[in-house]
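Please read the structure below before turning to the comments.
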């Protein structure tokens, strides 16, 4: 298994291109930008997450001796010279990185991250950067939607057991916290990131005892201040009555199935009757933002939600479709702008900055994608320098700060975009200078193609 900072955590073609650059002596310094092409279904905004892990990797990425030996044996490198393998022995990231801080709101076409480095370095890192920022931003965005639907009620990540791998579960917990969740059931995420951890009990605990009331009593004896008792194993109302009859007030009860509206309303009324108004009612079981919104609209008396599968897989929109595109090449003191002009996949050349504009109330109303160096009046630049020469410029921000940034940004989105089904699209436009530059590069490319075609055309003889 590759070590956490292995250079092999990439696609083969990244390494073959790097080998080609090294072997042909192509010494260019390149700039790549990472962005989302289109808004995924049911989304009106996106939440940036994953930068911390990306920077960790960039600072520590290297190739171990056994990994280089593996590449030497790989048939794809049969004709690659020794210089490439010596290059891998010394490989470290030495480039510069600009990025949107985690917790920022962003939209399609806006660079989320910009890398400037020797071209072979920048190429090798593409896969890791895409995977890391795609997944955590995906989960953070889903979490923000779920938290919005919960209308101030607590939301806990319960998704590790449904995640696509155990490390995905840990990183999903981190992203979900940035997106607004109050905590996670994942203990490793609590230890690693300082995220609050929560847990209740399983049906197996209740079923392990002969009598349900004994299961409740034993659990409360061990956890007198933290017991949240699962009441839907057999019969919700009978279970609540047994808890009341015991005279021992739990911290809360959990509903995991059945009619959550009717059962929560009945449980709330019954708990109030005995003066237990502070007992929390917690719900779980195949929840997402739509079901939570529907439950609350129907009057469910629920104080908190545990969300699993829908959160860690973002099942209604399981990918952001992030891309990493070359926008500029500097070689032999010459700067060449790069862009792609194929249908539906056009990109814009040059290093860019994103500016956000607010109205008099502080609400976002428009973003502008401009060239680096432009300074539109009233615009707030979103990309900030985070790494220079392969080293971070700032210490890691506390996770709670990233969470607060996301919460604040959501509050300043247009109200229509905060709805689960957005009424409208947030306006993002390109600056006039950037539009003109793209047209100039397009014309230069077309002119070059036409010239080559003319030279290649056979001469007609009379």
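The values are calculated or read from the model by the stated rules, or taken from the named source; none is laboratory data. Computed from a predicted structure; not experimentally measured. Quick reminder, even Gly has a Cβ in these numbers, built from the backbone with ideal geometry, and neighbours come from all protein chains shown.
Odds and ends about this structure:
- Of the set (1) more than 25 Å from residue 349 (Cα to Cα); (2) touching a strand residue (DSSP E or B) at 6+ places or on another chain (Cβ under 6 Å), all apply to residue 34 but (1).
- Region 104-123, residues that are touching a helix residue (DSSP H, G or I) at 6+ places or on another chain (Cβ under 6 Å) and either part of a helix (DSSP H, G or I) or not assigned by TED's automatic domain parsing to the domain that holds residue 48 (or both): 119, 120, 123
- Top-ranked residue of region 303-357 - restricted to ones that are on the phi > 0 side of the Ramachandran plot and out of contact with any strand residue (DSSP E or B) (no Cβ under 9 Å at 6 or more places or on another chain), ranked as modelled with the lowest pLDDT: 344
- Near pairs, Cβ below 6 angstrom, 6+ apart or cross-chain, from region 106-135 (on the phi > 0 side of the Ramachandran plot) to any residue that is surrounded by fewer than 24 Cβ atoms within 10 Å (Cβ to Cβ) and outside any strand (DSSP E or B): none
- Of the residues making up region 1-39, those that are in contact (Cβ under 8 Å) with a residue 12 or more places away in the chain and on the phi > 0 side of the Ramachandran plot number 0.
- Residue in region 414-430 that is farthest from residue 195 (Cα to Cα), counting only those that are surrounded by fewer than 16 Cβ atoms within 10 Å (Cβ to Cβ) and at pLDDT 95 or above: 429
- Residue, farthest from residue 141 (Cα to Cα), within region 385-413, restricted to residues that are touching a strand residue (DSSP E or B) at 6+ places or on another chain (Cβ under 9 Å) and either surrounded by fewer than 14 Cβ atoms within 10 Å (Cβ to Cβ) or modelled with pLDDT under 95 (or both): 389
- Search result, residues across region 235-274 that are closer than 19 Å to residue 286 by Cα and without any contact (Cβ under 8 Å) to a residue 24 or more places away in the chain: 259, 262
- A count restricted to region 379-394 and to residues that are under 30 Å from residue 362 (Cα atoms) and not in a strand (DSSP E or B) stands at 5.
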